[in-house]
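S.K.: Please see the structure below; I have some questions.
Just so it is clear, none of the values below were taken in a lab; they were calculated from the coordinates. Just so you know, these numbers come straight off a predicted model, no measurement behind them. Cβ: placed from backbone, ideal geometry, glycine included. Neighbour counts: every protein chain shown.
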Amino acid sequence: MALTVIRIRQIMILIYADTQSLNPRPARRKKAMKRLISSLLLCGLLISPAICFGNNIDALLSSLIIGTWEEGYLPYGTVTFKADGTYEAKMFETRDQQKLLLSLAGTWTIKESELQSLLTASSSSKAPVGETFIDTIVQINRTELVLIGADDEQYSKYRVTPESKE
């Protein structure tokens, strides 16, 4: 988006410079104005889809993230993102899920490719209710979710499927 805006500004500067160098005859001014108006309309057509496309990306990411994802081995954690915009996360001592260490719940949204999670329930004082976590989505597909956390570290979660629960 920012690259598109910069490119559009460069085009407008070139067009403006071109109109300034023209001979001040009315016919040439009229032609220059037509080019300027046409260019501005074209710029508007280029910007509008970029803005709309950004919203579509967030909607696509939101649909892809729904489901249960797992991370780690010792400790082992799962998070389930639901279609209603809520999530539940649990951390266990080991992958066998016998000893629960932490339980969290909250709401989630995706805006500008950032996963924003608001904590509404917590089993630990180390994760205070009301805290918001923001992770940047780097990649998501049917099996892997790659994020960059607040500490600028990249990490992955893997979709839990019926086969992976065994």
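S.K.: Taking the Cα centre of the range 66-159 as the origin and placing charges on Cβ (Lys, Arg +1; Asp, Glu -1), which of Ser125, Thr86, Gly149 is farthest toward the positive end of the dipole?
M.R.: It is Thr86.
S.K.: List every residue whose amide H lies under 5 Å from the amide H of Lys111, counting only residues 5 or more places away in sequence or on a different chain, with H placed 1.01 Å from N in the peptide plane.
M.R.: Gln116
S.K.: Hull surface divided by four, with the convex hull built on the Cα atoms of the range 66-159: how many nm²?
M.R.: If you wrap the Cα atoms of the range 66-159 in a convex hull and average its projections, you get 6.0 nm².
S.K.: With +1 assigned to the C-beta of every Lys and Arg and -1 to the C-beta of every Asp and Glu, and no other charges, what is the dipole magnitude of the range 66-159 about the Cα centre in debye, to the nearest 20?
M.R.: With Lys and Arg at +1 and Asp and Glu at -1, about 340 debye.
S.K.: Once amide H atoms are placed 1.01 Å from N in the peptide plane, what residues at a sequence separation of 5 or more from Leu102, or on another chain, have their amide H within under 5 Å of its amide H?
M.R.: Result for Leu102 returns Met91.
S.K.: Still on this model: What is the sum of charges, Lys and Arg at +1 and Asp and Glu at -1, for the other residues whose Cβ falls under 10 Å from the Cβ of Thr136?
M.R.: -4
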